Amino acid sequence: LRKEALAKIEQAKDMKEVQQVRISYLGKKGPITDILRGMKKLTSEERPIIGALANEVRETISKTIEKKWAELEQAAIQRKLAEESIDVTLPGRPIVVGNRHPLTRVIEEVEDLFIGLGYTVAEGPEVETDYYNFEALNIPKDHPARDMQDSFYITNDLLMRTQTSPVQARTMEKAKGKGPIKIICPGKTFRRDNDDATHSHQFMQIEGLVVDKNIRMSDLHGTLEFFAKTIFGHDREIRLRPSFFPFTEPSLEMDISCKICGGKGCNVCKGTGWIEILGAGMVHPNVLRMNGFDPEQYSGFAFGVGVERIAMLKYGIDDIRHFYTNDVRFLQQFFLRD
Ligand code: PHE
């Protein structure tokens, strides 16, 4: 019996089988229990011998089972460890993270630059009233910018803002005639253009406005030059050309020398070596007055930069549509530049 039981324990392949052996040999219906139960039928001489023997067999079986059980347990742990071990020599799985859109990067860079000059960042609505988008900026009713051809109207009086300049009017109005004002305002703008390599019906501008006592054209010049050289590098030239905007007088446009993409087939510079990146000027006295500032006491300058233009120049992008079609192959190129 002992031999038989020990052999079975030895053969048991898992804990379940060991458990079965235990039940069948040591359980209530097992042979050992039978023998011990049958003791009373034995003679008084046989009883101690058989009893001792049965107990010894039971002890041995139970000890062996315990040992086997421990062995199996240990083996199970080892197996689990082996299964769960990590092969540190395997190549890692790439972690795909997003990166900032090139337009966002440009805006953040320009914001940092102007915050460093003491400006604060302002915001205004993308759906704007005719009043702030045009009227308060000295844009008369018959101005071509008001044409349905150029603006997305929502109602007679509401439109998608065609420029970030309405934030100038809103900011001056809020200041209630007291300077200084020093803000920049990045944001989306909309015009009814047919999209091509250089036109997009949705685009972005960054508006700048400074109103204080004794603000002069030379302040504007210095600010624009500092901006251009910081963003594009000191080897870039700037060129200021006289221009016209209803809300500034005098008005100017700034070009920047264009070398990244000057050759044939280049959409950004069209081969001239210069590209216009912003409009600017001294805030028109009518605009100051209409928005609560006394032009005898205060003067100011304003500028409006095209964000896509900056990004195209900075990163050598030749088609404005890339910014809005969101092809990840395009967007991922900016990952490496972070
Ligand atoms: N709002 C003008 C535009 O969209 C740019 C500009 C801003 C010009 C501020 C002068 C002053 O073209």
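With the condition kept exactly as written, say whether any residue in the range 84-99 is among the aliphatic types (A, V, I, L, M), under 30 Å from Gln332 (Cα atoms), more than 14 Å from the ligand (Cβ to nearest atom) and surrounded by 10 or more Cβ atoms within 10 Å (Cβ to Cβ). Quick ask: steps written out before the conclusion?
To start, the set of residues in the range 84-99 that are among the aliphatic types (A, V, I, L, M) comprises 86, 88, 90, 95-97.
Subsequent filtering for residues that are under 30 Å from Gln332 (Cα atoms) retains 88, 90, 95-97.
Checking which are more than 14 Å from the ligand (Cβ to nearest atom) leaves us with 88, 90, 95-97.
After this cut, where a residue has to be surrounded by 10 or more Cβ atoms within 10 Å (Cβ to Cβ) as well, the list is none.
No, the range 84-99 has no match at all.
Table: residues versus (1) aromatic (Phe, Trp, Tyr); (2) within 10 Å of the ligand (Cβ to nearest atom); (3) closer than 23 Å to Ile181 by Cα; (4) in contact with a His (Cβ under 9 Å, 6 or more places away or on another chain).
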residue: Ile215; (1), (2), (3), (4): no, no, yes, no
residue: Thr223; (1), (2), (3), (4): no, no, yes, no
residue: Arg236; (1), (2), (3), (4): no, no, no, no
residue: Arg241; (1), (2), (3), (4): no, no, no, no
residue: Pro250; (1), (2), (3), (4): no, no, yes, no
residue: Glu253; (1), (2), (3), (4): no, yes, yes, no
residue: Ile256; (1), (2), (3), (4): no, no, no, no
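Would you pick out the residues in the range 71-94 that are assigned to a loop (DSSP other than H, G, I, E, B) and among the small types (Gly, Ala, Ser)?
Scanning the range 71-94 gives Ser85, Gly92.
Based on what the data block shows, is Arg241 of a type in the set (Lys, Arg), surrounded by fewer than 17 Cβ atoms within 10 Å (Cβ to Cβ) and modelled with pLDDT of 95 or more? So that I can check it myself, show each step before the final result.
Numbers: of a type in the set (Lys, Arg): yes; surrounded by fewer than 17 Cβ atoms within 10 Å (Cβ to Cβ): yes; modelled with pLDDT of 95 or more: yes.
In short, yes.
Just checking, how many residues over the range 123-175 are within 14 Å of the ligand (Cβ to nearest atom), among the hydrophobic types (A, V, I, L, M, F, W, C) and modelled with pLDDT under 90?
Qualifying residue count, the range 123-175: 1.
Need the failing condition index for Arg170 against (1) among the basic types (Lys, Arg); (2) touching a residue at least 40 places away in the same chain (Cβ under 8 Å); (3) over 26 Å from Pro102 (Cβ atoms); (4) not in a helix (DSSP H, G or I), just the number.
Going through (1) among the basic types (Lys, Arg); (2) touching a residue at least 40 places away in the same chain (Cβ under 8 Å); (3) over 26 Å from Pro102 (Cβ atoms); (4) not in a helix (DSSP H, G or I) one by one, Arg170 breaks only (4).
Considering only residues that are in contact with a Phe, Trp or Tyr (Cβ under 7 Å, 6 or more places away or on another chain), modelled with pLDDT of 90 or more and part of a loop (DSSP other than H, G, I, E, B), which ones fall in the range 95-112?
none
With respect to Asn194, is the statement that it is closer than 22 Å to Ser299 by Cβ and of a type in the set (S, T, N, Q) true?
Details: closer than 22 Å to Ser299 by Cβ: no; of a type in the set (S, T, N, Q): yes.
So Asn194 does not fit the description; no.
Pick from the range 274-326 the residues that are within 11 Å of the ligand (Cβ to nearest atom) and of a type outside the set (A, V, I, L, M, F, W, C): which of them is nearest to Thr104 (Cα to Cα)?
Gly306
Farther than 30 Å from Glu10 by Cβ, outside any helix (DSSP H, G or I) and out of contact with any Leu (no Cβ under 6 Å at 6 or more places or on another chain): which single residue out of Pro140, Pro48 fits that description?
Details: Pro48 fails: outside any helix (DSSP H, G or I).
Selected residue: Pro140, the only one of Pro140, Pro48 that is farther than 30 Å from Glu10 by Cβ, outside any helix (DSSP H, G or I) and out of contact with any Leu (no Cβ under 6 Å at 6 or more places or on another chain).
If I go through the range 143-167 residue by residue, how many of them are in a loop (DSSP other than H, G, I, E, B) and within 30 Å of the chain's Cα centre (by Cα)? Before you say what the answer is, go through the steps one by one.
Within the range 143-167, the subset in a loop (DSSP other than H, G, I, E, B) is 143, 147-152, 154-157, 161-165.
Checking the rest, the ones that are also within 30 Å of the chain's Cα centre (by Cα) come to 152, 161-165.
Residues flagged as in a loop (DSSP other than H, G, I, E, B) and within 30 Å of the chain's Cα centre (by Cα) within the range 143-167 amount to 6.
What are the pairs, 6+ residues apart or on separate chains, where a residue within the range 292-316 that is closer than 20 Å to Ser251 by Cβ has its Cβ under 8 Å from a residue that is part of a loop (DSSP other than H, G, I, E, B) and within 13 Å of the ligand (Cβ to nearest atom)?
Cβ pairs passing all conditions: Ala302/Ser165; Ala302/Phe247; Gly304/Gln163; Gly304/Thr164; Gly304/Ser165.
Got a number for residues in the range 68-83 being under 29 Å from Leu6 (Cα atoms) and surrounded by fewer than 11 Cβ atoms within 10 Å (Cβ to Cβ)?
First, pick out the residues of the range 68-83 that are under 29 Å from Leu6 (Cα atoms): 68-80.
Next, only the ones that are surrounded by fewer than 11 Cβ atoms within 10 Å (Cβ to Cβ) stay: 70, 74, 77-80.
Of the residues in the range 68-83, 6 are under 29 Å from Leu6 (Cα atoms) and surrounded by fewer than 11 Cβ atoms within 10 Å (Cβ to Cβ).
Looking only at the range 318-329, decide whether some residue is assigned to a loop (DSSP other than H, G, I, E, B) and of a type in the set (S, T, N, Q).
Residues of the range 318-329 assigned to a loop (DSSP other than H, G, I, E, B): 318-321, 326-327.
With of a type in the set (S, T, N, Q) added as a condition, the list becomes 326.
Checked the range 318-329: at least one residue is assigned to a loop (DSSP other than H, G, I, E, B) and of a type in the set (S, T, N, Q).
Is the range 37-53 home to any residue that is without any contact (Cβ under 8 Å) to a residue 12 or more places away in the chain and touching a Ser or Thr at 6+ places or on another chain (Cβ under 9 Å)? It would help to see each step written out before you state the result.
Step one: of the range 37-53, the residues without any contact (Cβ under 8 Å) to a residue 12 or more places away in the chain are 37-38, 40-49, 52-53.
Applying the additional criterion that residues be touching a Ser or Thr at 6+ places or on another chain (Cβ under 9 Å) yields none.
So far as the range 37-53 goes, no, none of its residues is without any contact (Cβ under 8 Å) to a residue 12 or more places away in the chain and touching a Ser or Thr at 6+ places or on another chain (Cβ under 9 Å).
Quick one: which residue in Met204, Met160 is under 19 Å from Leu103 (Cα atoms) and crowded, with 17+ Cβ neighbours inside 10 Å? Give the steps one after another, and end with the answer.
Numbers: Met160 fails: under 19 Å from Leu103 (Cα atoms).
Result: Met204 is the single residue among Met204, Met160 that is under 19 Å from Leu103 (Cα atoms) and crowded, with 17+ Cβ neighbours inside 10 Å.
Check Gly262 against each of (1) modelled with pLDDT under 95; (2) within 10 Å of the ligand (Cβ to nearest atom); (3) over 26 Å from Phe190 (Cβ atoms) and name the one condition it does not meet.
(2)
Go through Phe247, Phe203, Phe232 for me and flag whichever is touching an Asp or Glu at 6+ places or on another chain (Cβ under 8 Å) and touching a residue at least 40 places away in the same chain (Cβ under 8 Å). Give the derivation first.
On the way: Phe247 fails: touching an Asp or Glu at 6+ places or on another chain (Cβ under 8 Å); Phe232 fails: touching an Asp or Glu at 6+ places or on another chain (Cβ under 8 Å).
None of the other options fit; the residue is Phe203.
The values are calculated or read from the model by the stated rules, or taken from the named source; none is laboratory data. From a predicted model like this one, the values you see are computed outputs, not experimental measurements. Positions of Cβ are generated from backbone atoms using ideal geometry, with glycine treated the same way; all protein chains shown enter the neighbour counts.
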